[in-house]
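Notes follow the structure.
No lab work stands behind these numbers, since they all come straight from the coordinates. Small disclaimer: the values here were computed from a predicted structure and weren't measured. Every residue, glycine among them, receives a Cβ derived from its backbone with ideal geometry; neighbour counts consider all protein chains shown.
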Amino acid sequence: MDREGQHVGIHLPEGSWWDWDVITWDAGQFRLAAGHDLTYSHGLELGFGDPVFVSCPTTFHDPVFRVPTSEERMRLARRLGEEPSAFVAFDADAGGQEPISCLIAAERLEVVHETVLRYWRDDTAPGQRFAPWVRPPA
């Protein structure tokens, strides 16, 4: 929400954020990763702290983030008893004939813009880190 209590659309840093997937989903965190091709790395993460509602596929493409509709806000507020602190809405290509509408509500939202490697390397550069599942070879 902005200072006047109005919901605003999310603003992503400049980049090619076509390919998206879920990299973490547990009671304390829901985390999406994005890049132009998720084979070797991703460059953007949306981290939702203490998620209270998630409705999106595990992989999708080319999301269009938007302000949640008044109906979406009211429906979620009825389910949760109040409006969440962070509420993100988007429409995305999930492989069907039409885009799918997605909603995520959480206590907080963090946007992280850095290179995250999805494979092991010994020579990582400063500002790079590994995805949660990457481990050094045994």
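In degrees from 0 to 90, rounded to the nearest 10, what is the angle of the helix 70-80 Cα long axis to the longest principal axis of the chain? The two axes meet at around 80 degrees.
Antiparallel beta bridges, as assigned by DSSP with both residues in the range 3-138, represent about 95 percent of the total such bridges.
When the helices of the chain are scored as -39500 (n - 2.57) per DSSP H run of n ≥ 4 and the total is divided over every residue, the value at 222 nm lands at -2500 deg cm²/dmol.
If exposed means no more than 15 neighbouring beta carbons inside 10 Å and the site is in a DSSP loop, what's the longest run of the chain without any exposed chymotrypsin sites (Phe, Trp or Tyr not before Pro)?
Here the longest segment lacking exposed loop sites spans 41-118.
Along the chain, counting only GluC sites (Glu not before Pro) with a DSSP assignment other than H, G, I, E or B and at most 13 other Cβ atoms inside a 10 Å radius, the longest segment between sites is 15-81.
Could you pull out which residues in the range 92-119 have an amide N less than 20 Å from a spot 7 Å beyond the Cα of T24, following the Cα-Cβ vector? It comes to 104-119, nothing else.
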